[in-house]
Amino acid sequence: MNENIYEKKVLEKITPTKDYRIKLETIIKDINKKLEKQIKKRKLPVTIELVGSTAKDTYLKDDLDIDFFLKFPTRYSKDEIAKNTLIIGKSILSKTEESYAEHPYIRGYYQKYLVEVVPCYKIESTSQKMSAVDRTPYHTRYVIDKLNESQRPEVRLFKQFLKGIDCYGAESEIEGFSGYLCEILIIKYQNFKKLLSDAKNWKEGKKLSLTDEDTPDFNTPLIFIDPVDVNRNVASALSSDKFNLFVRAADEYLKNPKITFFFPNKIKPWTLEKISEKIDRQDCKYMGIKINKPDIIDENLYPQARKASKSIWESCERADFTIYDIRFYIDEEKKDIYFIIKTKDEILPKTFTHTGPPKKLKSHMNEFLKKWENDPRVIKKPYEKNERYFVEIKREYTDISDFLDDQMKNLSLGKHLDRIVSKEYKILEKSDILIDRLSSFWTEYLDAKMSWER
């Protein structure tokens, strides 16, 4: 079976049917009428604009948000546009929650459809100063104007491919491709296959544009200059990991297409016995840290969890412990965050040799001698060897568990995680992390198969 047959099957599954479209259009009209009624009731000079994939007809069946933007005149303050939008949204949606982009906005449900109502400023020209939110209506209009009818299925195919390999979405949980980035990539390359054929050869720093203007550089793995605002990189949220995963997937799909690139099989968790056997074969030690999950949105949580992982890694290495890897797992049901640490299985020596300056640098040498001459940690006083000074010092921590147990409160983990750790955290040994709740994490981590290979 060749890739065209796979792609046809995928499109049959993800393309909205005529009846689906009719029902969605009815829902959109109903919401629009209710928004108009609320705006009129509050006597606001606001215009409504449907944006995003529903407006551009690039959404995937049974996987869409309906996004309405309320466009306020610039004379209104940010507080005013946020307050009015939250009140209006709550009056027509159920199960609402407040979120935050450039401005606070509200999301909730209208019947079974997830809806976002977002305030922005009515910008007359892209030359005006504007936020990412204010820019969104221009993105919608640009795609509607430039994306032809035959390319909409190509966008859908590309989005589902990215979903299958876990690269779809610019939110911090994913760090992948936004919907708008998908659309302008298809505009540039015309179709899904041409895009993959070029992408399989991409290197970090790849730069793309739809205009001929000189454009700024960005320190990101992929740069795609926004045709609506040439000072903006549409691919700024894409991480190196997800960039390289996509490049690999593009290459492997073209060589050996499979339906599992689009719809991967679910992970079948291994038994704890199998996980333990796999771990025991490795020349390393696994341990963990468990903290309570703060009640914050994912856009704030995931960056802090990544920052915490980096901070733990760096602090351990400064204390001479060898770290091979750190991953985090968020247990939504139990409201816990686990940091799983892969480290060298060792107890450090009780002392270590600290290297000082060369003998010929007299001022530095004198400072070194003065600093360590009466330090209580010194085991062997400063001595000269091969024209350089050294000192032997008692090590404060020889076991990584003791180090983390004592130092976690002193690390910079992120505002919300710092508060949690200041009250409580648990250092976990292998038996504490080899548990049923983490079996899916361990299976995916240790099996190391790509999603399309499962």
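The values are calculated or read from the model by the stated rules, or taken from the named source; none is laboratory data. Remember, predicted model here, so these are calculated numbers, not experimental data. Backbone-built Cβ (ideal geometry, glycine too); neighbour counts: all protein chains shown.
Tabulated results
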read-out	value
Selection status of Lys71, surrounded by 14 or more Cβ atoms within 10 Å (Cβ to Cβ), assigned by TED's automatic domain parsing to the domain that holds Thr47, of a type in the set (Lys, Arg) and at negative phi	yes
Hits in the stretch 279-322 (condition: acidic (Asp, Glu) and assigned to a helix (DSSP H, G or I))	Asp280, Asp298, Glu299, Glu314, Glu317
Scan of the stretch 205-246 for residues that are in a loop (DSSP other than H, G, I, E, B), over 26 Å from Arg306 (Cβ atoms) and of a type in the set (Val, Ile, Thr), ordered by number	Thr211, Thr215, Val228, Val230
Breaking point among (1) at pLDDT 95 or above; (2) in the same structural domain as Arg248 (by TED's automatic domain parsing), for Ile88	(2)
Every residue from the stretch 314-344 that is closer than 28 Å to His354 by Cα and either crowded, with 19+ Cβ neighbours inside 10 Å or small (Gly, Ala, Ser) (or both)	Ser315, Cys316, Ala319, Phe321, Ile326, Ile341, Thr343
Boolean, Asp251 is among the charged types (D, E, K, R) and within 26 Å of Lys146 (Cβ to Cβ)	no
Those residues of the stretch 59-96 which are under 21 Å from Ser131 (Cβ atoms) and either charged (D, E, K, R) or in contact with a Cys (Cβ under 9 Å, 6 or more places away or on another chain) (or both), in sequence order	Asp65, Asp67, Phe69, Leu70, Lys71, Phe72, Arg75, Lys78, Asp79, Glu80, Ile81, Lys83
Selection count, the stretch 248-278, where residues are among the β-branched types (Val, Ile, Thr), assigned to a helix (DSSP H, G or I) and in contact with an Asp or Glu (Cβ under 9 Å, 6 or more places away or on another chain)	1
Breaking point among (1) outside the structural domain of Ile184 (by TED's automatic domain parsing); (2) crowded, with 18+ Cβ neighbours inside 10 Å, for Val228	(1)
Number of the exception - Glu173 against (1) buried (at least 17 other Cβ atoms within 10 Å of the Cβ); (2) within 30 Å of Lys78 (Cβ to Cβ)	(1)
Matching residues in the stretch 242-274 - criterion: being of a type in the set (D, E, K, R) and farther than 30 Å from Tyr138 by Cβ	Arg248, Asp251, Glu252, Lys255, Lys258, Lys266, Lys268, Glu273, Lys274
Residues that are out of contact with any Ser or Thr (no Cβ under 8 Å at 6 or more places or on another chain) and closer than 14 Å to Thr140 by Cα, drawn from the stretch 51-72	Ser53, Thr54, Asp57, Thr58, Phe68
Cβ-Cβ under 8 Å pairs, at least 6 apart or on other chains, the stretch 1-23 side at pLDDT below 95, far side exposed (fewer than 14 other Cβ atoms within 10 Å of the Cβ)	none
Residue match in the stretch 353-367 (condition: assigned by TED's automatic domain parsing to the domain that holds Gly414 and basic (Lys, Arg))	no
The lone exception for Tyr338 - which of (1) in contact with a Gly (Cβ under 7 Å, 6 or more places away or on another chain); (2) in a strand (DSSP E or B); (3) outside the structural domain of Glu444 (by TED's automatic domain parsing) it fails	(3)
Looking only at the stretch 96-155, and only at residues there that are at pLDDT 90 or above and among the small types (Gly, Ala, Ser), the one that is surrounded by the most Cβ atoms within 10 Å (Cβ to Cβ)	Gly108
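Per-residue answers, yes or no, for (1) more than 30 Å from Lys293 (Cα to Cα); (2) in a helix (DSSP H, G or I); (3) under 23 Å from the mean Cα position of the chain (by Cα):
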residue	(1), (2), (3)
Tyr324	no, no, yes
Phe328	no, no, yes
Ile347	yes, no, no
Pro357	yes, no, no
Lys360	yes, no, no
Leu369	yes, yes, no
Pro382	yes, no, no
Ser401	no, yes, no
Leu404	no, yes, no
